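Let me begin by presenting the structure, written as structure tokens, before commenting on it.
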Amino acid sequence: MAEESKDSKDSFLYPIGNYRGKFSPGNLAFSANLQIFAQRVSYLCALETNGKISPEDTYHEIKKFWEQLKQSKQEFLDNNQFDKGK
């Protein structure tokens with residue numbers, strides 16, 4: 001019962017939309033990472049707006065998440081070997 005409650009909470013807090021673009025494993029993986037980035041930025045902006053974290057901390061956290069997203073892009077979209085299964 002507790003596991004079901006956790007899954008429900010996670011799906012509410014971290015929703016992932018269906019992918020509707022041209023399918024490839026790289027596109028799908030990057031889309032999921034992009035959605036996670038957007039959700040994290042949204043939470044950080046809400047925390048900063050409500051005075052829970054400083055603007056500087058918010059900036060540094062968003063910058064860290066941006067670097068992770070750039071790495072994800074290089075790994076999944078710029079790397080043709082991923083889509084070819086090599």
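What follows is calculated from the coordinates using simple rules that are stated; it is not laboratory data. All figures in this text were calculated on a predicted structure; none of them were measured in a lab. Glycine gets a Cβ as well: all are built from the backbone with ideal geometry, and neighbour counts include every protein chain shown.
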Applying 1/(1 + (r/R0)^6) with R0 = 41 Å to the Cβ-Cβ distance of residue 27 and residue 52, what FRET efficiency is obtained, to the nearest 0.05?
-> 0.75
Using Cα pairs closer than 8 Å and at least 6 residues apart in sequence, work out the relative contact order for the stretch 24-84, in percent.
-> 56 percent
Loop-located chymotrypsin sites (Phe, Trp or Tyr not before Pro) in the stretch 9-73, at most 12 other Cβ atoms within 10 Å (DSSP) | 23
